[in-house]
Each structure stands twice: as structure tokens, then as C-alpha cells.
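Here is the structure we will look at, set down as C-alpha cells.
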Amino acid sequence: MKGCITLSNGNTFDGDWISDNHYGSGEIVFYTGMTGYEQVLTDPSYQGQIVVFSYPFIGNYGFDPKSMESAKIQVAGVVMADCFGFAAKGGRKSIVDLLNAYQIPALKNVDTRSLIQQIRIKGSLPAVMHVPSISPDSFSLEEYWPATSMEKTGSGDTHIVLIDFGYKKSIAEALVNEGCSVTIVPFDQELNDIEKLNPDGLVFSNGSGDPMRFSNYFHRYKNLAMRYPTLGICLGHQILALSFGGETQKLKFGHRGANQPVMNLKTGKVSMSSQNHSYVVQKESLAETGFNIWFENVNDGSVEGLWHRSFNVASVQFHPEAAPGPNEHKEIFQNFINSVQHTEKVRSYA
């Protein structure tokens, strides 16, 4: 069956429909990694987004549920140049089977090169995937909120509370691998409830969308970060900057993929990172926040990490747990845990 994806600016790209769901909408973005489609499709950072894969052949190693970053597929749609729709060896299901199981619209045989060029010129746009018999009825974007109940994992002596804005499973696993027990709490968990958990440190997770939608909680987040050793990742990095008085802005088409170069301004070292974000922290807004820039994007000079001069607070815009991507930033978790273990617990409100 033929199908197409229509952008809000009127441009349409044709392809072959390969899923049972014949309609879907979301913000169109592209991913540049050669591998890692299992993690991308299930990463809550991509919630509500139609992902265009730049690599020309997707699905060749099947889909292993053990590689899922959350309990379900999170993307709003998938666009590919070509797709291997059969199950791979070792009991792996096919990517098409999984997309159908979660009713995710999908297209193949699309001119993804031209489509990605369009996104780079026009920016990330609302888009609709549909079969010819169905016309787009709206290009409005739905706002997604993380819905998590309190969960616990790991049995280490260092207790970390992971504040969930749409967290990846790999972040919790990385903390457990560093000898931590982890309690995952919703983004709107009350202060006194977190206090009762008696954490040694906090991690503000990744997530999707505009960080300003959490503005009602900024005072709470700042209070917590001033009292406990804190690490922010991706959306969590942006939220920490905003909570201390910084500002963010939306990029034209964001940073996505497993090959984003960043420079550590403390050491001058350049390393590759895995990223997925539309918003960045504005450099000029940091003057009164107490933050110094830790990492910077080599390509466009945008802020990729922060450290606070007065409190044990640090953050990175990229994903130190990678999954998928280069495993060059494991020391960020290690350094955070070391700082937690050498900080006396705070038991009263700041």
C-alpha cells in the first residue's frame, strides 16, 4: 500500500506503508546513527516525534525486547529508506512486528535524503503520516507528560533518587552498575516525600518537549539541588539551568544521533556523544545562576554541560549512558557517585 508523510509547510514525500495503523502525527526529526534503532524507538525522549532514520537500511538485526529503553515504543511514527521486515536470528522479532504491536505508523522506500534536507532547511515541523484515502486534518502537536509511579531497582549502599521526566532504562542501569540503589519518582513528587526517602543524591532524567512546561516546579527543583548532590541529564540539564534562573531556546532541528562532538572546557578534551534534544541552555542567561559551562558543542558552540560554583550540582546535555552511542562518558556517573559518597547528607531544608 502506498502512503506519504505531509509536512505542515505543504511538502509531501511518498513511500510504501508497512504498518497496520494508517494515520499518525507528530514533530518530524531525524536520527543519524548507523545502529541503535531499538533504543531510539523506545526512548521516552522521542515521545510524540516522527523519526526519520538517515541510515539507509533499518531492521537488519531484528528487535530484541531486552534492548528497549522503556516498556513500549515511544515514537509517533517511523520513516525509512528501506526496512528489513523479517525476524532475525536468535529469536529476535522483526521491527515491523513490533511497530504493528504498538500501532505505530511506518513508511519505507521514502527519499529520506531529500526529507532530511527539508528538515535542515525548514527546521523540525509538525507532520502527518497517512495513506492516500485519509487527508491530514490537523498539524497541532500533542503535549506528553511522563506518568510514573514510584519504583525501586538495585541494592547498592548509595541511594540515588531519579526524578523522572521520561527516563531511559539505561540511566537507571548505569547507576546500579556503579553500586547504587535507585528509587524512581515522578517529576511532581512532593519535597517531603523525597526527604523521607533519605537519598544520598539526585539525578534529573532526560525527557521530551519544552522544559518550560515544568516551570511550576522550578522552585522545588532548585530547593532539592541546593540540598543534595545532583546530576542532570538532557532535559534534566535544561530544567536545572532554568530552576537557577537561566533560559533556554529551541534549536532549528535539534541535536540527534550518536556522533555529536563535545569539548570538556576543564580539560580541553573532545569526545563523541549521543544526543536527542530540541532545546538548549542560552549561554548569556547563565551570568547570575552560579553555573559555569562544563561542556560545549564543537559544531555550533552551544552549551553541553554545566557545573555550579556553590553547590554540588552538575549537568550534561548529552547522554553519558549512550545506548546507543559511544561509551566515552562513563566517568560522569563515576565522578557523580564519588562526589555523593564524599558529601555529608543534608537533613534540613535550605
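The values are calculated or read from the model by the stated rules, or taken from the named source; none is laboratory data. None of these values were measured; they are calculated from a predicted model. Cβ: placed from backbone, ideal geometry, glycine included. Neighbour counts: every protein chain shown. Ligands, DNA and RNA are stripped out before the accessible areas are found, and what is left, the full protein with its side chains, is counted by its heavy atoms. Shrake-Rupley method; radii C 1.70, N 1.55, O 1.52, S 1.80 Å.
With point charges of +1 on the Cβ of Lys and Arg and -1 on the Cβ of Asp and Glu, referenced to the Cα centre of region 187-319, which listed residue (Ser273, Gln249, Asn312) lies farthest in the positive direction of the dipole?
Ser273
At 1.4 Å probe radius, can you tell me the per residue accessible area of the chain in Å²?
In whole numbers, the chain has 41 Å² accessible per residue.
Report D for the chain in µm² per second (integer): Stokes-Einstein, Kirkwood Rh on Cα pairs, 10 °C, 1.306 mPa s.
Answer, rounded: 77 µm²/s.
Testing the spin-label approximation: label points 7 Å from Cα along Cα→Cβ at Asp210 and Arg309. State their distance in nm.
Distance between label points: 3.1 nm.
Which order do Glu296, Glu142 take by accessible area at a 1.4 Å probe, largest first? Each step should come with its number before you reach the end.
On the way: Glu296 50, Glu142 130 Å².
In descending accessible area the options line up as Glu142, Glu296.
Hey, what's the Kirkwood Rh for region 102-183 if you take every pair of different alpha carbons, in angstrom?
For region 102-183, the Kirkwood estimate is 17.0 Å.
Once the whole set of protein chains is in place, how much accessible area is left on Arg213, using a 1.4 Å probe, in Å² to the nearest 10?
40 Å²
Largest first and to the nearest Å, give the Cα extent of region 179-251 along each principal axis.
36, 25, 18
Of all accessible surface on the chain at a 1.4 Å probe, what whole percent is carbon and sulfur?
48 percent
Per the Kirkwood treatment, what hydrodynamic radius in Å, one decimal, follows for region 10-87 from the mean inverse distance over all distinct Cα pairs?
13.1 Å
Beyond a 29 Å Cα-Cα separation, which of these cross-linked pairs lie in this structure: Lys108/Lys252; Lys93/Lys250; Lys168/Lys283?
Lys93/Lys250
Rounded to the nearest 500, what is the 222 nm mean residue ellipticity of the chain from helices alone, with -39500 (n - 2.57) per DSSP H run of 4+ residues and division by all residues? Could you put the intermediate results ahead of the total?
Numbers: 8 runs with 70 residues, N = 350.
Calculated from helices alone, the mean residue ellipticity at 222 nm is -5500 deg cm²/dmol.
Could you work out the local net charge near Lys108, counting Lys and Arg as +1, Asp and Glu as -1, over the other residues with Cβ closer than 9 Å to its Cβ? List each step's numbers first, then the result.
Working: positive: none; negative: Asp16, Asp82.
Combined, the nearby Lys, Arg, Asp and Glu give -2.
Among DSSP beta bridges whose residues both lie in the chain, state the antiparallel percentage, nearest 5.
Antiparallel: roughly 60 percent of the beta bridges in the chain.
How would you classify region 149-218 from its alpha-carbon gyration tensor, with a ≥ b ≥ c the square roots of the eigenvalues: rounded for a/c under 1.5, else prolate if a/b is greater than b/c, otherwise oblate?
oblate
In Å³ and rounded to a whole number, note down the convex hull volume per residue for the Cα atoms of region 73-220.
183 Å³
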